[in-house]
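Presented below is the structure to which this report refers.
The values are calculated or read from the model by the stated rules, or taken from the named source; none is laboratory data. Just so we're clear, the structure is a prediction, and the values are computed from it rather than from any experiment. Here the Cβ positions follow ideal geometry from the backbone for every residue, glycine too, while neighbour counts run over all protein chains shown. Side chains are part of the model used for accessible areas, which takes the heavy atoms of the whole protein and leaves out ligands, DNA and RNA. Shrake-Rupley method; radii C 1.70, N 1.55, O 1.52, S 1.80 Å.
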There are 2 protein chains.
Amino acid sequence: MSHPPHHVDIRDVSMRDGLQIEEPIPLSAKLELLAAIAATGVREMEATAFVSPSKVPALADAAQLAAELHNFPGVEFSALVASPNGAKRAIAAGLRSIEFVVSAADGHSRANVGRPSAEAAAQIPEITAIAHDSGVTVEVIIATAWDCPFDGPTDPQRVLDIAAAAVDASADRVAIADTIGTATPRRVSDLIARVRPLIGGIPLGAHFHNTRGAGLASAWAAVVAGVSRLDASVGGLGGCPFAPGASGNIAMEDLVYLLRDSDVHVDVDLDAALAAARVAQEAVGHGLPSSLLRAGDRILG
Amino acid sequence: MSHPPHHVDIRDVSMRDGLQIEEPIPLSAKLELLAAIAATGVREMEATAFVSPSKVPALADAAQLAAELHNFPGVEFSALVASPNGAKRAIAAGLRSIEFVVSAADGHSRANVGRPSAEAAAQIPEITAIAHDSGVTVEVIIATAWDCPFDGPTDPQRVLDIAAAAVDASADRVAIADTIGTATPRRVSDLIARVRPLIGGIPLGAHFHNTRGAGLASAWAAVVAGVSRLDASVGGLGGCPFAPGASGNIAMEDLVYLLRDSDVHVDVDLDAALAAARVAQEAVGHGLPSSLLRAGDRILG
């Protein structure tokens, strides 16, 4: 085992990746959940996405939600965008941090944004310029970094090319995402070993789903391999509502438990994360796959 | 990341640890499940336990089950025992391999076998002698190796003392067990770093539950740290039937998926493990927490 870092930055993605496939919930319920998550001490939250309301009806209230974010001054909020127009909308709504997602695989990129990966990646300079002109930071998220639901395994070179484009465009952060929850520790370590040196001093994040049970194992492998940022959602929100118990994003409380017991500091309080996960269950009206929510903490020494 | 081994021996524990807290099922259903598991190619199976039938009614048919094991010549079967008398019963029933479980924590040891850890450990030489006199192999399993549900964290020295006693008594194998599913990768690596050199050339195994979501992460950490044997159950059988979705042992198919994608060879076929998990669900009459059972394999390259 290599040496894990002393601190990892956790971003809560419950409000965007967690809710996007759920039935739309009222803004008031969203704000209650957001407040519960903010109370965990988490420093960064992905608040919403500025994408097509018809494709993602659960996030159609992005601008209304953005108007409320000033009530949570301790949190840095970001929003996901998939086009220059989305970036402009996010900035106009007051966001100071955007994430531009580019699928490394053509199949997923076409399904998601209607164009192949290279065409999507070609927008990185424009999006970065739009953001930086307004003093807004940009994270480039490389989706389907390990596997695509249509194309199968992703050639790592595709990921490296997008990471290099992000560096060239002076993106502020890069993240690699296991969009469909297929990654495993060794594949994670191998890819990070190639991406990490390529992007120099730019912070590198990773995003995992627990779809095949290996989400936490992959997250730990990522931390050991040099990632300093991880995404998670309270309760493991983000699973498919039509497959009860199916796992979504890695659960915040399970991740915090693992990192705490590995002497890695995080800003998130475990008990508060469990409380927020219960609020999330109420908000979406069904059980969530989090393990800690069911089992509770261990007896500490 | 250190260098994982090229092969890991997997023992299926569905028939014992997986079934012991379930409502008793008929011998015929057990044999159907056993046949499905044997068809995965797994080389070792924990078939049952020779313990008090009143305390573990689900395994009261241990001798009858043992009488059927000759029908599965490709598998090495073992049985768990908790006393010299249990060891004699297992050997009389035809088992050629026994596991003697010793809790490292006094609280769990008293609850489980009515005596403190040191008294239980003092039986290792007698049990080993009984077994070896009959040409039977003995594995010493150190339970509550990280945490006890009554005493909290386990002093690692307690684990080391039992491991040393196992070596002194010429036990054939040693395993460390995360009995209540609280272990995390770094605690796993730390303990194995101390146990592994102590037991010399004796094979070291590890046993994890996924209760707090970190089972696979811990298993991978164990493999990287020098464990050559892992336990698993099909479907993740072994969860509490009164807590739907609560995770039991790490799921065989999730483990095989993770190891396959990490270039670690195992004897278990993934599709056959998924089929066996479906048989297990039928046998116990409720859903099991396995992730692969829900999500399926990824598209391979």
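The table below gives the values:
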{"quantity": "Pairs where the first residue, in region A:137-163, is free of Cβ contacts under 8 Å to residues at least 24 places away in the same chain and the second is outside any helix (DSSP H, G or I) and open to solvent by less than 50 Å² (accessible area, probe 1.4 Å), C-beta under 6 Å, 6+ apart", "calculated": "A:Pro153/A:Asp147"}
{"quantity": "Selection count, region B:286-301, where residues are free of Cβ contacts under 8 Å to residues at least 40 places away in the same chain and either away from chain A (no Cβ under 12 Å) or not charged (D, E, K, R) (or both)", "calculated": "5"}
{"quantity": "Out of A:Asp254, A:Asp263, A:Asp267, sole residue that is facing chain B (nearest Cβ under 8 Å) and surrounded by fewer than 24 Cβ atoms within 10 Å (Cβ to Cβ)", "calculated": "A:Asp263"}
{"quantity": "Count of residues meeting criterion [open to solvent by 40 Å² or more (accessible area, probe 1.4 Å) and either more than 25 Å from B:Ala273 (Cα to Cα) or not in a loop (DSSP other than H, G, I, E, B) (or both)] in region B:44-71", "calculated": "10"}
{"quantity": "Answer from B:Val223, B:Val279 - the residue that is β-branched (Val, Ile, Thr), open to solvent by 30 Å² or more (accessible area, probe 1.4 Å) and touching a helix residue (DSSP H, G or I) at 6+ places or on another chain (Cβ under 8 Å)", "calculated": "B:Val279"}
{"quantity": "Residue in region A:12-43 that is nearest to A:Gln281 (Cα to Cα), counting only those that are of a type in the set (A, V, I, L, M) and open to solvent by less than 10 Å² (accessible area, probe 1.4 Å)", "calculated": "A:Leu33"}
{"quantity": "Members of region A:26-43 found to be in a helix (DSSP H, G or I) and touching a residue at least 12 places away in the same chain (Cβ under 8 Å), listed by number", "calculated": "A:Leu27, A:Ala29, A:Lys30, A:Leu31, A:Glu32, A:Leu33, A:Leu34, A:Ala35, A:Ala36, A:Ile37, A:Ala38"}
{"quantity": "Given (1) of a type in the set (A, V, I, L, M, F, W, C); (2) within 13 Å of chain B (Cβ to nearest Cβ); (3) farther than 23 Å from A:Asp269 by Cβ; (4) surrounded by 24 or more Cβ atoms within 10 Å (Cβ to Cβ), index of the condition A:Ile176 fails", "calculated": "(2)"}
{"quantity": "Failed criterion for A:Pro84 (all others in (1) open to solvent by less than 10 Å² (accessible area, probe 1.4 Å); (2) more than 14 Å from chain B (Cβ to nearest Cβ); (3) not aliphatic (A, V, I, L, M) hold)", "calculated": "(1)"}
{"quantity": "Among residues of region B:135-155, those that are in contact with a helix residue (DSSP H, G or I) (Cβ under 6 Å, 6 or more places away or on another chain) and either within 14 Å of chain A (Cβ to nearest Cβ) or crowded, with 24+ Cβ neighbours inside 10 Å (or both), counted", "calculated": "9"}
{"quantity": "Only one of A:Gly245, A:Gly213 that is modelled with pLDDT of 95 or more, under 24 Å from A:Thr184 (Cα atoms) and out of contact with any His (no Cβ under 9 Å at 6 or more places or on another chain)", "calculated": "A:Gly213"}
{"quantity": "Count - residues of region B:204-226 that are free of Cβ contacts under 8 Å to residues at least 60 places away in the same chain and within 18 Å of B:Ala171 (Cα to Cα)", "calculated": "2"}
{"quantity": "Count of region A:94-134 residues which are crowded, with 24+ Cβ neighbours inside 10 Å, polar (S, T, N, Q) and within 16 Å of A:Ala164 (Cα to Cα)", "calculated": "3"}
{"quantity": "Unmet criterion (only one of (1) in a helix (DSSP H, G or I); (2) touching a His at 6+ places or on another chain (Cβ under 7 Å)) for A:Phe150", "calculated": "(1)"}
{"quantity": "Tally, over region A:291-300, of residues that are closer than 16 Å to B:His209 by Cβ and buried (at least 22 other Cβ atoms within 10 Å of the Cβ)", "calculated": "4"}
{"quantity": "Condition met for A:Pro156 (more than 28 Å from A:Thr211 (Cβ to Cβ), modelled with pLDDT of 95 or more and out of contact with any Phe, Trp or Tyr (no Cβ under 8 Å at 6 or more places or on another chain))", "calculated": "no"}
{"quantity": "Residues satisfying the stated conditions in region A:179-217, i.e. facing another protein chain (nearest Cβ under 10 Å), under 17 Å from A:Val8 (Cβ atoms) and either touching a helix residue (DSSP H, G or I) at 6+ places or on another chain (Cβ under 8 Å) or surrounded by fewer than 21 Cβ atoms within 10 Å (Cβ to Cβ) (or both)", "calculated": "A:Pro185, A:Val188, A:Ser189, A:Ile192, A:Leu216, A:Ala217"}
{"quantity": "Condition check for B:Asp168: within 14 Å of chain A (Cβ to nearest Cβ), open to solvent by 40 Å² or more (accessible area, probe 1.4 Å) and at pLDDT 95 or above", "calculated": "no"}
